[in-house]
Amino acid sequence: MRFIGGVYEKLQRHPKRIVFPEGTEPRVLQAARQFFSLRLGVPILLGDRQEVKAAADALSVNLEGIRRIDPAQSPDLDSFVKRFMLLRRGKGIAEEEAREAMMKPNFFGAMMVAMKQADGLVSGASEISGGVLRPLFQIIKVAPRTTTASSCMVMEVEDTRFGEKGVLFMGDCGVIPDPSVEQLADIGLSIARLARQILGARPRVAFLSYSTQGSAMHPSVLKVRAATALARQKAEAESFEADFDGELQVDAALVPEIAARKLPDSRVAGRANVLVFPDLNSGNIAHKLIQHIARANAYGQILLGLDRPAADLSRGSTAHDILGVSAIVGLQSIEYQKLYPGAGDLLPGDG
């Protein structure tokens with residue numbers, strides 16, 4: 001709670017509107033109640049209003065201060081349909097098809113964020129990733145001057161010797177199965193920017209492998225090495241202050257005693273607060289191992305590189321996890337243009 005408590009305090013000074021497409025999901029209802037009670041902002045639940053109320057009553061969740069919107073009955077539905085048709089005009093979408101899509105909560109919620117009627121979206125507690133990501137990629141898309149959309153998990157472990165007082169930013173754990181050198185470099189930079197914004201500390205980014213600085217040779221190792229160099233080059237071009245090292249084995253990245261033997265001169269080894277995995281398999285497996293075996297608090301997936309803030313929850317998320325993710329998404333939105341200059345300038349379909 002050390003880390004997430006700090007996030008709550010920052011967001012209380014700048015409350016935000018977070019839309020939850022899964023308005024009848026019990027864990028979401030509980031998280032929304034807490035979001036409002038902690039003065040983090042206004043939660044917006046999507047779904048049939050009576051069904052949302054019935055679900056809340058069954059849990060004795062008070063809906064005071066929580067907005068409820070039924071996409072099918074919303075006065076914004078027609079304008080959202082037109083905007084979606086404009087966005088998908090290259091696909092030749094018919095009005096009936098666009099209307100059917102917009103009545104789905106994840107599509108409606110994505111359009112609310114795109115049209116600045118909400119500051120961020122949090123979904124996925126009962127929906128597979130494709131059902132969350134598809135509307136976001138079709139409606140919100142990637143931020144200007146950004147080519148890679150990815151994700152990260154924010155992990156808080158009990159042992160404060162690891163990461164930044166026990167906090168680690170890890171990615172990509174949810175979007176790109178086998179990133180290229182360019183994508184891997186972008187992932188590292190995006191996570192580093194988020195870590196700087198959330199923690200206020202200098203990012204120390206480790207690009208992970210089964211090799212440490214040439215202890216093995218394989219195309220996958222060479223990819224990680226090249227991505228590290230490219231991320232460093234891009235950061236220097238942007239005058240973004242962060243440290244990058246790779247390829248590193250995870251023990252060399254996290255354990256000072258091992259780092260002292262393997263890489264005594266590294267600014268990252270033994271002190272990494274950002275871990276970049278070589279592929280989705282390793283990232284997804286690692287964060288779930290840490291979450292369940294080390295009983296870490298896990299907040300994610302925080303989506304990176306999009307034009308607006310959003311998160312794709314794990315279906316195993318608790319109400320506490322959902323609340324934490326919502327607060328991080330809200331905190332992101334406060335200074336989102338510092339993360340992605342130009343983000344949010346245009347409405348979907350304009351320009």
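Numbers for the structure displayed
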{"item": "12 Å reach of a label modelled at ARG49, 7 Å along Cα-to-Cβ, counting backbone N of region 83-118", "result": "none"}
{"item": "Protection-proxy order for peptides 70-77, 81-88, 20-27, each taking the mean of Cβ atoms within 10 Å per residue, highest first", "result": "20-27, 81-88, 70-77"}
{"item": "Sequence ranges 301-308, 329-336, 61-68, ranked by mean other-Cβ count within 10 angstrom, highest first", "result": "301-308, 329-336, 61-68"}
{"item": "Whole-Å distance, taken between Cα centres, linking region 56-90 and region 236-263", "result": "45"}
{"item": "Highest average packing first - 257-268, 162-173, 33-44, Cβ atoms within 10 Å", "result": "162-173, 33-44, 257-268"}
{"item": "Gained length - ASP345 relative to ARG2, 0.36 nm times residue gap less alpha-carbon distance", "result": "120.1 nm"}
{"item": "Theoretical gain in end-to-end length, GLN12 to ASN281 [0.36 nm per residue, Cα-Cα removed]", "result": "93.2 nm"}
{"item": "Helix-only [θ]222 nm of the chain, DSSP H runs n ≥ 4, -39500 (n - 2.57) each, per residue, nearest 500", "result": "-14000 deg cm²/dmol"}
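Bear in mind these aren't lab numbers, they're just calculated from the coordinates by the rules spelled out. Fair warning: this is a prediction, and the values are worked out from it, not measured in the lab. Counting neighbours? That spans all protein chains shown, and the Cβs are built from the backbone with ideal geometry, glycine included.
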